[in-house]
Amino acid sequence: VYVRSTVAHGRIVSIDTNEALELPGVVAIYTANDLDSTIEPPAAASGFVDVEYTEPFLAGERVRYVGETIAAVLAETAAQATDAAEAVSVDIETLEAIVDPVAAASPDAVQLFDAGNVAFSFGDDDVKFDPCYVVVTSPVLNQRVAACPIEGRVIAVEWEGDHLTVYASTQGAHPLRDTLADTFSMPPEQVRVVSADVGGGFGAKGSPHTDEVAICVFARMVGRPVLWAETRTENMLAMVQGRAQHQTVTLGGTADGDLTHYRLEIVQDCGAYAKYGALLPTGTAMMSSGCYDLGNIAVPVRSVLTNTTPVSAYRGAGRPEAAAALERALDLFAAETGIDPAELRRRNFHSADDFPWTTATNTTYDSGDYEAALDKALEAADYSALRAEQEARREQGDTKLLGIGLASYVEITAFGGGGEYTHAELKPDGRFVIQTGSNPYGQGHHTTWAQIAATELAVDIDDVEIVHGDTDVVAEGSSTGGSRSVQLSGSAVQNASVALVGLAKEGAAELLEAAVDDVVLDADAGGFHVVGTPARVVTWADVAADTTEPLTALSTFHQEGETFPFGTHLSVVEVDSETGAVEMLRHIAVDDAGTIVNPIITAGQVHGGFAQGAAQALLEQVIYDDDGTPRTTNFADYSIISATELPLVERVISETPTPRNPLGAKGIGEAATIGSTPAIQNAVIDAVSHLGIRHIDMPCTPERVWSAIRVATS
């Protein structure tokens, strides 16, 4: 159990462990002074930021956020360790804290590090809006949120001589193995990481965490296995959080809606240490042009340190922030010019004939039909009827105001392209084992991979066993994230299965006394036979029985470049003008992720993504007071969404295959989060726009909406 800081910023004066060491069951208590200084914690943003910004295993001289680890108590039971942790006395001299990243970016602000508070910056503010007839600008907050996985972080560690075994709740067993091997300067084959059933991650479990890697340090020091499982409050205090972008959008164009110039100024809150959160704006900048033919774009970025929990990836990791900013800017422009929001989007889309298309940010989109997605959403919603109802309510003075919000988006998946590992094996009984390097944490990979393999192998899905998440069993693997799995891992599964069929045909040809080219695999016949002669069939079990060595095939499928899913979300809300309460009435989602492999699992991803997008739009926000004390430390304080707040998603199927992998598939895991959030926010603002309200920051809580109405009508 960790002793964590209750102070956001301060100098550690003393740590007294004497009383705690005398308590029953206590085995050891470690502080920074006890650690081997040659073993360094992982630096998530290494190569981009100063090494000084790396979070230590245990705070030595200074703490920088509430929840930072100060001491580690090892005891026989969790209860004994908890009692001992409470008995550790820590004296901290409080320093001034800073939680506002915009203020922290100033050189006159309290400095968290000698190197300054700006950990990472890029981009020039070189777009001039002089040629634009219409220019709109507004600050836009993409607030800090918590990932809130059902299962918090947990890790169990055992050293056996110079071999390390780790059981962890992680999105990538192999990346964690490699991090640990690097940390302890040992060969990767001496580290085994097992990641079995993981109860959610949403990006927050994508990179090895300092307080998890530290458990391996403590286990080696104490010479015994060690288990750490965080509490929900620990999860809310210390697990990396997401979003936290303070944006300023400026959009310019002509009076008839030709958009030409766009600036997105970003101040990224990194939290107290520069983890992957410092780099999130790179994805935001890359996707800043969205679906639109914008020729002049500038994205100046500063990633700034504050006395708050560190920020890292959260479902979408930079791309939802890009869509939220741009879609708000479009609605601001539509309101300024009086152009219907749907029509404004249509006028500025890339044409379906333009692909592949290289944007002003030098990003090459693979395929798309943005106008078709918009049209499907408008038709499904009966957009014109909704606008008529909205106008009628306003004319009647109805206190229940109708809002219609649109968001057309494009996102990047399988960032950088890359590959994935699959090993396929025919078992002696004619069944199959597929080893995959992808680590599922709720996406249903077992079903999808088995389905792909079974289709190619012409067998029942129950005949395929999927193995993952054990670095001693699966030779290679990556972290599952960035909506990469089906296009990379799925293609690798397909390739390995096809290769296995090719090998099996050779064996079947010998048994059939036929040429290999004359042998076909026939699902209806239940095996291999000569073309046109299904009377004699050789089964997979027959092939297995006739081989002296197991029949295996390997694929390390590699995809050149990313894919770019797209779509349009349309949200319908009702705003009570007397209370500010928002009710979601309908939500239409057109998410085009290329070829759909499993429709049910795809639907699950859309529903889950919509839930998280709606949560950010309406409810969720991590809040700190001016002293850096978190006010949202459990589910009583942090308004995580539930089924009672959500309507059913009305999905409209759209499939535009990509040429970049054999399945034609793009990612779907983050799409609905990207599309739903700005659509819902736009719907809320649209409901009250006739009062002169142009913007309300997320989350659009009743208090914020009510306050905006009161100001507009006073």
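Of all residues in the range 280-307, those satisfying the criterion of being closer than 20 Å to S46 by Cα and surrounded by 24 or more Cβ atoms within 10 Å (Cβ to Cβ) are L280, P281, T284, S303, V304, L305, T306. In summary, D542 fulfils each of the numbered conditions (1) under 30 Å from A97 (Cα atoms); (2) open to solvent by 40 Å² or more (accessible area, probe 1.4 Å) with the single exception of condition (1).
Within the range 391-403, track down each residue that is assigned to a helix (DSSP H, G or I) and touching a residue at least 40 places away in the same chain (Cβ under 8 Å). Answer for the range 391-403, where residues must be assigned to a helix (DSSP H, G or I) and touching a residue at least 40 places away in the same chain (Cβ under 8 Å): just R394.
Restricting T677, T632, T673, T658 to those that are touching a Gly at 6+ places or on another chain (Cβ under 8 Å) and outside any helix (DSSP H, G or I) reduces the list to T658.
Of all residues in the range 225-277, those that are within 28 Å of A204 (Cα to Cα), basic (K, R), open to solvent by 10 Å² or more (accessible area, probe 1.4 Å) and not in a helix (DSSP H, G or I) total 1. Residues that are in a loop (DSSP other than H, G, I, E, B) and at pLDDT 95 or above are absent from the range 600-608. Annotation for the range 17-24: no member residue is open to solvent by less than 20 Å² (accessible area, probe 1.4 Å), at pLDDT 95 or above and either within 17 Å of T309 (Cβ to Cβ) or out of contact with any helix residue (DSSP H, G or I) (no Cβ under 9 Å at 6 or more places or on another chain) (or both). Being open to solvent by less than 20 Å² (accessible area, probe 1.4 Å), modelled with pLDDT of 95 or more, under 31 Å from the mean Cα position of the chain (by Cα) and over 30 Å from P356 (Cα atoms) is true of A424. Residues in the range 548-560 that are part of a loop (DSSP other than H, G, I, E, B) and exposed (fewer than 15 other Cβ atoms within 10 Å of the Cβ): T548, E549, P550, E560. The residues of the range 590-599 that are over 19 Å from the mean Cα position of the chain (by Cα) and part of a loop (DSSP other than H, G, I, E, B), listed by number, are T595, I596, V597, N598.
Do you know which of the residues in the range 608-639 that are surrounded by fewer than 16 Cβ atoms within 10 Å (Cβ to Cβ) and under 22 Å from the mean Cα position of the chain (by Cα) is nearest to T306 (Cα to Cα)? Per the criteria, the residue is I623. Against the list (1) under 25 Å from L180 (Cα atoms); (2) in contact with a Leu (Cβ under 9 Å, 6 or more places away or on another chain); (3) of a type in the set (D, E, K, R), the condition R11 fails is (1).
Residue-by-condition table, conditions (1) open to solvent by less than 40 Å² (accessible area, probe 1.4 Å); (2) in a loop (DSSP other than H, G, I, E, B):
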site	(1), (2)
V157	yes, no
T165	yes, no
Q171	yes, yes
H174	yes, no
D178	no, no
V198	yes, yes
F202	no, yes
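Given the conditions (1) in contact with a Pro (Cβ under 7 Å, 6 or more places away or on another chain); (2) buried (at least 19 other Cβ atoms within 10 Å of the Cβ), which single one is not true for H446? If we test H446 against (1) in contact with a Pro (Cβ under 7 Å, 6 or more places away or on another chain); (2) buried (at least 19 other Cβ atoms within 10 Å of the Cβ), just (2) comes out false. Answer yes if at least one residue in the range 364-375 is within 23 Å of A617 (Cα to Cα), buried (at least 19 other Cβ atoms within 10 Å of the Cβ), touching a residue at least 40 places away in the same chain (Cβ under 8 Å) and more than 27 Å from the chain's Cα centre (by Cα), and no otherwise. Scanning the range 364-375, I find no residue that is within 23 Å of A617 (Cα to Cα), buried (at least 19 other Cβ atoms within 10 Å of the Cβ), touching a residue at least 40 places away in the same chain (Cβ under 8 Å) and more than 27 Å from the chain's Cα centre (by Cα), so the answer is no. Taken together, the criteria place P699 among residues that are assigned to a loop (DSSP other than H, G, I, E, B), open to solvent by less than 10 Å² (accessible area, probe 1.4 Å) and not basic (K, R).
Residues checked against (1) assigned to a loop (DSSP other than H, G, I, E, B); (2) touching a residue at least 40 places away in the same chain (Cβ under 8 Å); (3) more than 25 Å from S654 (Cα to Cα):
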{"site": "G405", "(1), (2), (3)": "no, yes, no"}
{"site": "Y409", "(1), (2), (3)": "no, yes, no"}
{"site": "G416", "(1), (2), (3)": "yes, yes, no"}
{"site": "D429", "(1), (2), (3)": "yes, yes, yes"}
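Highlighted here would be strands (runs of 3 or more DSSP E) found entirely within the range 457-534 that include at least 2 residues which are open to solvent by 60 Å² or more (accessible area, probe 1.4 Å), but there are none. Close Cβ contacts (under 6 Å, 6 or more residues apart or on different chains) running from residues in the range 62-75 that are closer than 20 Å to A219 by Cα and in contact (Cβ under 8 Å) with a residue 12 or more places away in the chain to residues that are in a strand (DSSP E or B) and among the charged types (D, E, K, R) comprise T69/R4. Would you point out the residue of the range 431-443, among those that are buried (at least 22 other Cβ atoms within 10 Å of the Cβ) and assigned to a loop (DSSP other than H, G, I, E, B), that is farthest from the chain's Cα centre (by Cα)? Going through the qualifying residues, I end up with G437.
The values are calculated or read from the model by the stated rules, or taken from the named source; none is laboratory data. Note that this is a predicted model, so its numbers are computed, not measured. Positions of Cβ are backbone-derived with ideal geometry, glycine not excepted, and every protein chain shown enters the neighbour counts. SASA here: full protein model, heavy atoms, side chains in, ligands and nucleic acids out. Shrake-Rupley method; radii C 1.70, N 1.55, O 1.52, S 1.80 Å.
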